[in-house]
Amino acid sequence: MGASASVERTLPLAPEILSAIDRGATVLTANQRAARTLHRTFEQSQRSRGLTQWSPPQIFALDTWLPTLWHRLLLAGAEQQILLNRTQEHALWRTLIAADREVSGLRSPDVLADLAARAWHLLWLHNGRAQLNAAAHSTDTRAFHRLSQQFERLCTRELYLTRAQLPGALEEALARGDLDLPNPGVVLVDFDAHPPAVASLFTSIEQAGYPVESLQNTVASAATLHAAADDATELRSAALWSRSLLAQNLRIAIVVPDLADRRAGQRSGIERAFAQALPPEAFEFSLGRPLAETSFAAAALDLLRWALEPLPLDRITALLLSPHFGAIAPEPTAEFDAYDLREEELLRPELSLDGVIDILRNSARKPRLAQLHARLRALRKSAAASFADAHPQTHAYWADAFRAVLESAARAAQPDSLTFQTQRRWESALDSLATLDFNAIRLTAADAIETLHRIAAQTIFAPESVNAPIQILGPLELGGTPFDALWFLSADDLTWPATPAPNPLLPWHLQHELAMPGADPTRDTAVAQTLTDRIARSAAQVIFSYAAHGENGPRRISPLLRSLNLEDSNIEDGPAHEPLSLDTFSDAEPLPSLPPTTLRGGAEVLALQAACGFRAFAERRLYSTELEDSQPGLNPRDRGSLVHKVMQAFWDKLKTQLALRALTLRDRHTFLDECIEQALARTQRQVRAPWDAAYVEVQRQRLRRLLRPWLIKELDRPTFEVLATEQETKAVTIGPLTLDVRVDRVDQTAAGTLILDYKTGTAQPKEWLDDRPDAPQLPLYAVLSEPLPAGVAFAILRAGEDLELKGFADTQAVFGKPARMPATSMAAQLEDWHRILDNLAGSFASGDAAVAPKSYPLTCKKCAQRILCRLDPRTRPEFGDDEDELSSAPEDFARG
């Protein structure tokens, strides 16, 4: 990395702001972040002057100050209207929308409630409420007009006040003389523009004799333009530039126009670029994210749902491994999840809390998971007490019940700073849930959980700033915060300025007339130009940059930058990452000999050795294997095993083709059904819920549809007798290896024995050929059989037209059809297979672990050894021949 974070430094307050604070004026900022920064800066300035005590400055964000004024009026008895919070206002809109037949089925009530609340907000802040009556003409605008009238009547009757109405209500109180403000007046810091209702309020404040002063926290700056080749290069250049300034102990801003979008989802490219160039403590993002997306809140919501109803398996896994509510002992908990929960014979898509407790009770890992078992039982007990009454309850009741349920399962561990802050925000969300009792509506536990989820999704959580020297923020967050240097990313014509969208519930011509955002391009451009001009003067050094080429083609500089007359910067694009230097050494040490034991898995070790020596070594000697992919129901191996069990039960009783031919169609179907029930008996015992019974019935029907046609194929073969089914042979020797094998079926035909291997997937005899066979299982059975077989074949059991025998035999009497031999005779083929299998066994036993995939990249796609493998794809002659295949091939193997 090279650079380290500098000692915390805060720029001094502008003299005008410091003077306003000293005379007792109220300082207002456009956002909470700027207010916190000014508070911190003022405190540090006081300490630098040697002071130990001082009066707290009157610094507020505007959206905090206005409600504070209203609460003062309420306490003084000058007003009676209750100021609704966002959650309460949403609940009112949602109730009205859900009761309106014309709109309730169009979209989600929550989505429509959000749209309606935003439309209401715009109307009042732009003084357009009275004009809506004559402007609503379309279906959507008439529907909103109708709902807004109902909403307004409800608020008037119940004495509710929304935040959008707050500026106008405060202006009325000021006109009546009920609202007193500090005589030193108000100072507005870095406001570019106000909505008309807010502007009117400040005008009235000024007319009432209270000074209103606007300050722009700008400096003389030298702004330049940097054109990068592409997005990645632009980010890398900004990160390296920031690193170069860290040593100078400067405060740096990285401004990103679309920061909220770029931070969503997976780890963003911005974060990666800065993490590669800088230590983690050197930078921080200012934007928060929805509380519901934090690991703490997500786990809490899932625990509440799980206490009430079954939860999807993946979310149960997340809970068990959660650092907040799950694993105290991570290793046994992960083992329980992988080898107990996901290895259930009948894996359900959802599991109840009781179901997991039962599985844990019967697990061999229970002694090591005693605390987890105790917390799950405590969760069940608390939920039973809290959710026992099925009748709807108040929101406050559910807030207290949810606290009790979560506390019963909480880990007794000291939270770190981030977890502590998240817990406090979560408690605020529960308090917001309790405030919804203002309209006396009761609800069920499930509805209360979904309401809490909505509140958490609408609540933005941002950890307290650590005052890192590099702040990554959005353009609107820059106001009120001084910086030494600033880099503005993505200043191209597609990204900046952002184009606001008009509200779909308000008439467009009304929005245009009132100059609402998104309805008047000229106004929107002017607002964005003002903001751009202020950003260009927000630090002594300012760089605007853009990527000349993007995913959708070439880009141009934003038109908002043209009036700035920017000169080209002298910053060069950051260099691409150089590959690490590798040390080469000779690894000639022989591997230790294999222990004298029988290798489990039969022919699999030979198949792995044929595919790649290193893979066989990693999986069968290092035991480096990946977990199998879990899916609801039976896994593919168990579904295939059902076919084997049915066929085994069928032929163990029937024995010969003559007996099969003696059965009537009805008797054949009845006998097959009996064998299917026998095979499903163990799975049937696992049925506990309707989903289980339905799944078993699907498997029963699948087996019928698959095996009834297969028995017709068996009738058309030359006469045979089944000598053995699922014959297990232990301690067979091939080369220096001792293996255990299981032969699916051996038939006696007129020409000799035929060895069959059931396949429910695709399979071809060519998989047995060449010196590295893909499927050596049947050749292994054949060479170990006594007497040697007359033929070997895959018995393909796939629905449709794939039901057939595919293999090799000397004569047509084995299959009933020609089966070409690659060798001169079956005996010659068996001799060749014996040679090949001996060689593979010898290679594995001798420790031949060469990284040599048989068919790169196809062989590597199925390999789980990417962390250990030393393959360098660039050394392969096939490298670059197939872009699609290489995109998922192991190109990022560790090489060394």
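Looking at Ala378, Ala383, which one is under 30 Å from Ile460 (Cβ atoms) and part of a helix (DSSP H, G or I)?
On the way: Ala378 fails: under 30 Å from Ile460 (Cβ atoms).
Criteria check complete, one pass: Ala383.
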Search result, residues across segment 845-862 that are over 29 Å from the mean Cα position of the chain (by Cα) and either in a loop (DSSP other than H, G, I, E, B) or loosely packed, with under 15 Cβ neighbours inside 10 Å (or both) | Ser846, Gly847, Asp848, Ala849, Ala850, Val851, Ala852, Pro853, Lys854, Ser855, Tyr856
Of all the residues that make up segment 367-386, how many are of a type in the set (Lys, Arg) and closer than 14 Å to Leu320 by Cβ?
-> 2
For Thr233, work out the one condition from (1) more than 41 Å from the chain's Cα centre (by Cα); (2) surrounded by 15 or more Cβ atoms within 10 Å (Cβ to Cβ) it doesn't fulfil.
-> (1)
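Which members of segment 86-113 meet the condition of being open to solvent by 60 Å² or more (accessible area, probe 1.4 Å), at pLDDT 85 or above and either farther than 26 Å from Ser428 by Cβ or out of contact with any Pro (no Cβ under 7 Å at 6 or more places or on another chain) (or both)?
Going residue by residue through segment 86-113, those that are open to solvent by 60 Å² or more (accessible area, probe 1.4 Å) are 86, 94-95, 99, 101-102, 105-107.
Adding the requirement that they be at pLDDT 85 or above leaves 86, 94-95, 99.
Of everything in segment 86-113, those that are open to solvent by 60 Å² or more (accessible area, probe 1.4 Å), at pLDDT 85 or above and either farther than 26 Å from Ser428 by Cβ or out of contact with any Pro (no Cβ under 7 Å at 6 or more places or on another chain) (or both) turn out to be Arg86, Thr95, Ala99.
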Residue check, Gln699 against (1) open to solvent by 20 Å² or more (accessible area, probe 1.4 Å); (2) polar (S, T, N, Q); (3) within 44 Å of the chain's Cα centre (by Cα), all met but one. Which one?
-> (1)
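Tell me whether segment 422-431 contains one or more residues that are open to solvent by less than 70 Å² (accessible area, probe 1.4 Å), in contact (Cβ under 8 Å) with a residue 24 or more places away in the chain, in contact with an Asp or Glu (Cβ under 9 Å, 6 or more places away or on another chain) and closer than 29 Å to Arg33 by Cα. It would help to see each step written out before you state the result.
Going residue by residue through segment 422-431, those that are open to solvent by less than 70 Å² (accessible area, probe 1.4 Å) are 422-423, 426, 428-430.
So of that shortlist, the ones also in contact (Cβ under 8 Å) with a residue 24 or more places away in the chain come out as 422-423, 426, 428-430.
With the extra rule that they be in contact with an Asp or Glu (Cβ under 9 Å, 6 or more places away or on another chain), the set shrinks to 430.
This time we only want the ones that are closer than 29 Å to Arg33 by Cα, so: 430.
Yes, segment 422-431 contains a residue that is open to solvent by less than 70 Å² (accessible area, probe 1.4 Å), in contact (Cβ under 8 Å) with a residue 24 or more places away in the chain, in contact with an Asp or Glu (Cβ under 9 Å, 6 or more places away or on another chain) and closer than 29 Å to Arg33 by Cα.
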Counting only residues that are among the hydroxyl-bearing types (Ser, Thr, Tyr), touching a strand residue (DSSP E or B) at 6+ places or on another chain (Cβ under 7 Å) and under 23 Å from Leu62 (Cβ atoms), how many does segment 203-251 have?
-> 2
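Would you mind finding the one in Gln699, Gln686 that is in contact with a Ser or Thr (Cβ under 8 Å, 6 or more places away or on another chain), within 20 Å of Leu634 (Cα to Cα) and in contact (Cβ under 8 Å) with a residue 60 or more places away in the chain?
Going through Gln699, Gln686 in turn, the sole match is Gln699.
Tell me, which residue of segment 278-327 that is of a type in the set (Lys, Arg) and modelled with pLDDT of 90 or more is most open to solvent (accessible area, probe 1.4 Å)? Reasoning before the result, please.
So the first thing to find is which residues in segment 278-327 are of a type in the set (Lys, Arg), and the list is 289, 305, 315.
So of that shortlist, the ones also modelled with pLDDT of 90 or more come out as 305, 315.
Values: Arg305: 29, Arg315: 88 Å².
If we take residues in segment 278-327 being of a type in the set (Lys, Arg) and modelled with pLDDT of 90 or more, then Arg315 is most open to solvent (accessible area, probe 1.4 Å).
Here is a list: Ala199, Ala193, Ala238, Ala227. Which entry is in a helix (DSSP H, G or I), aliphatic (A, V, I, L, M) and either at pLDDT below 90 or touching a Phe, Trp or Tyr at 6+ places or on another chain (Cβ under 8 Å) (or both)? Can you show your working first?
Working: Ala199 fails: either at pLDDT below 90 or touching a Phe, Trp or Tyr at 6+ places or on another chain (Cβ under 8 Å) (or both); Ala193 fails: in a helix (DSSP H, G or I); Ala227 fails: in a helix (DSSP H, G or I).
From the options Ala199, Ala193, Ala238, Ala227, the qualifying one is Ala238.
Looking at segment 702-769, what strands (runs of 3 or more DSSP E) fall wholly within it and have at least 3 residues that are of a type in the set (A, V, I, L, M) and buried (at least 19 other Cβ atoms within 10 Å of the Cβ)? Reasoning before the result, please.
Values: elements: 720-734, 737-749, 752-759.
Here the list reads 737-749, 752-759.
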Hits in segment 404-418 - residues which are at pLDDT 90 or above and surrounded by 16 or more Cβ atoms within 10 Å (Cβ to Cβ) = Val405, Leu406
Of the residues in segment 510-532, how many are in contact with a helix residue (DSSP H, G or I) (Cβ under 7 Å, 6 or more places away or on another chain), part of a helix (DSSP H, G or I) and over 19 Å from Arg562 (Cβ atoms)?
-> 1
Failed condition for Gln216, given (1) modelled with pLDDT of 90 or more; (2) out of contact with any Ser or Thr (no Cβ under 6 Å at 6 or more places or on another chain), with all others met?
-> (1)
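Does Ser221 qualify as being modelled with pLDDT under 95, open to solvent by 20 Å² or more (accessible area, probe 1.4 Å), in contact with a helix residue (DSSP H, G or I) (Cβ under 8 Å, 6 or more places away or on another chain) and hydroxyl-bearing (Ser, Thr, Tyr)?
On the way: modelled with pLDDT under 95: yes; open to solvent by 20 Å² or more (accessible area, probe 1.4 Å): yes; in contact with a helix residue (DSSP H, G or I) (Cβ under 8 Å, 6 or more places away or on another chain): yes; hydroxyl-bearing (Ser, Thr, Tyr): yes.
The answer is yes for Ser221.
Could you check how many residues of segment 828-837 are open to solvent by less than 50 Å² (accessible area, probe 1.4 Å) and under 18 Å from Ala603 (Cβ atoms)? Give the derivation first.
Filtering segment 828-837 for residues open to solvent by less than 50 Å² (accessible area, probe 1.4 Å) gives 828-830, 833, 836-837.
Remaining after also requiring under 18 Å from Ala603 (Cβ atoms): 829-830, 833, 836-837.
Number of matching residues: 5.
Condition test on Pro482, is it in contact with a Gly (Cβ under 8 Å, 6 or more places away or on another chain), of a type outside the set (Val, Ile, Thr), outside any helix (DSSP H, G or I) and farther than 30 Å from Thr294 by Cβ? Break it down into steps so the answer makes sense when it comes.
On the way: in contact with a Gly (Cβ under 8 Å, 6 or more places away or on another chain): no; of a type outside the set (Val, Ile, Thr): yes; outside any helix (DSSP H, G or I): yes; farther than 30 Å from Thr294 by Cβ: yes.
Considered against the rule, which asks whether it is in contact with a Gly (Cβ under 8 Å, 6 or more places away or on another chain), of a type outside the set (Val, Ile, Thr), outside any helix (DSSP H, G or I) and farther than 30 Å from Thr294 by Cβ, Pro482 comes out as no.
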For residues that are over 20 Å from Leu159 (Cβ atoms) and not in a helix (DSSP H, G or I), scanning just segment 432-449, find the one that is most open to solvent (accessible area, probe 1.4 Å).
-> Arg442
May I ask you to list the residues in segment 125-139 that are of a type in the set (Gly, Ala, Ser), within 22 Å of Pro167 (Cα to Cα) and surrounded by fewer than 11 Cβ atoms within 10 Å (Cβ to Cβ)?
-> Ala130
State the number of residues belonging to segment 485-494 that are outside any strand (DSSP E or B) and either among the hydrophobic types (A, V, I, L, M, F, W, C) or at pLDDT below 90 (or both).
-> 3
Is it true that Arg243 is farther than 19 Å from Thr29 by Cα, at pLDDT 90 or above and outside any loop (DSSP other than H, G, I, E, B)?
-> yes
List every residue pair whose Cβ atoms sit under 8 Å apart, with the two residues 6 or more apart in sequence or on different chains, where the first one lies in segment 28-51 and is closer than 12 Å to Asp63 by Cα and open to solvent by 30 Å² or more (accessible area, probe 1.4 Å) and the second, anywhere, is polar (S, T, N, Q) and assigned to a helix (DSSP H, G or I).
-> Gln32/Thr64
Could you give me the residue pairs with C-beta distances under 6 Å whose first residue belongs to segment 386-404 and is more than 16 Å from Ala91 (Cβ to Cβ), whose second residue is among the polar types (S, T, N, Q) wherever it lies, and which are 6+ apart or on separate chains?
-> Ala401/Ser386; Ala404/Ser382; Ala404/Ser386
Failed item, numbered, when Gln648 is tested on (1) open to solvent by less than 50 Å² (accessible area, probe 1.4 Å); (2) closer than 18 Å to Leu797 by Cα | (1)
Would you point out the residue of segment 338-371, among those that are farther than 20 Å from Thr683 by Cα, of a type in the set (A, V, I, L, M) and out of contact with any Leu (no Cβ under 7 Å at 6 or more places or on another chain), that is least open to solvent (accessible area, probe 1.4 Å)?
-> Ala370
Of (1) of a type in the set (A, V, I, L, M); (2) assigned to a helix (DSSP H, G or I); (3) out of contact with any Ser or Thr (no Cβ under 9 Å at 6 or more places or on another chain), Ala813 satisfies every one except (3)
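Going through segment 125-155 one residue at a time, which ones are of a type outside the set (S, T, N, Q), farther than 21 Å from Glu171 by Cβ and not in a helix (DSSP H, G or I)? First the steps, then the outcome.
Pass one, segment 125-155, residues of a type outside the set (S, T, N, Q): 125-126, 128-130, 132, 134-137, 140, 142-147, 151-155.
Then drop every residue that is not farther than 21 Å from Glu171 by Cβ, which leaves 134-137, 140, 142-147, 151, 153-154.
Scanning segment 125-155 gives Ala136, His137.
The values are calculated or read from the model by the stated rules, or taken from the named source; none is laboratory data. Predicted model only: the values in this text are computed from it and were never measured. When we count neighbours, we look across all protein chains shown, and the Cβ atoms used for this are built from the backbone with ideal geometry, even at glycine. Note: areas computed on protein heavy atoms with side chains; ligands, DNA, RNA excluded. Shrake-Rupley method; radii C 1.70, N 1.55, O 1.52, S 1.80 Å.
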